[in-house]
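A short worksheet on the structure shown next.
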Amino acid sequence: MNTKTTPAKAPSEALLLEIASKHFHSIETLETQNSDRLDFHDVAVWAIRAALEAAYAAGVTAATKR
């Protein structure tokens, strides 16, 4: 059986920033700012997990809207 799958659409920058800023309060942009203080953050593992779960849920939602 030969089935074609449609490639996944990349998430919007706005959605990525929304997830990041909700879970990592010190992040204001996902753009490189060429500053260690602004580009690197101490993040708890549970915050990373929550952000990944939110991103996964957003992907599931996007996939079911096709």
**Request:** Determine the sum of side-chain charges near Ala51: Lys and Arg each +1, Asp and Glu each -1, restricted to other residues whose C-beta is under 11 angstrom from that of Ala51.
**Result:** 0
**Message:** Tell me the carbon and sulfur percent of the accessible area for the chain, rounded to whole percent, probe radius 1.4 Å.
**Reply:** 57 percent
**Request:** Write down the accessible area per residue of the chain in Å², having rolled a 1.4 Å probe over the full set of protein chains.
**Result:** 91 Å²
**Item:** Computed magnitude of the charge dipole of the chain (debye, nearest 20; Cβ of K, R +1, Cβ of D, E -1)
**Value:** 560 debye
**Two-site label geometry, Ser12 and Lys65: point separation in nm, points 7 Å out along Cα→Cβ** = 0.7 nm
**Item:** Farthest positive-ward along the chain dipole, Cα basis, beta-carbon charges - from Thr32, Leu17, Tyr56
**Value:** Tyr56
**Message:** Based on DSSP loop calls and a cut-off of at most 16 other Cβ atoms within 10 Å, the longest stretch of the chain free of exposed GluC sites (Glu not before Pro) is what?
**Reply:** 32-66
**Request:** Report, to the nearest 10°, how far helix 13-23 tilts away from the longest principal axis of the Cα atoms in the chain, using its own Cα long axis and a range of 0 to 90°.
**Result:** 60 degrees
**Prompt:** Name the chymotrypsin sites (Phe, Trp or Tyr not before Pro) in the range 23-66 that are in a loop by DSSP and that have at most 10 other C-beta atoms within 10 Å, would you?
**Reply:** Phe40
**Message:** Can you compute the modelled spin-label distance between Arg49 and Glu28, with each label point 7 Å from Cα toward Cβ, in nm?
**Reply:** 3.1 nm
**Complete:** Which of Ala44, Ala55, Ala20 fluctuates most in a GNM of the chain (C-alpha springs under 10 Å)? That residue is Ala44
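The values are calculated or read from the model by the stated rules, or taken from the named source; none is laboratory data. For clarity, every value in this text was computed on a predicted model and none was experimentally measured. As a convention, Cβ positions derive from the backbone with ideal geometry for all residues, glycine included, and neighbour counts pool all protein chains shown. Remember, those area values only see protein heavy atoms, side chains included, never the ligands or the DNA or RNA. Shrake-Rupley method; radii C 1.70, N 1.55, O 1.52, S 1.80 Å.
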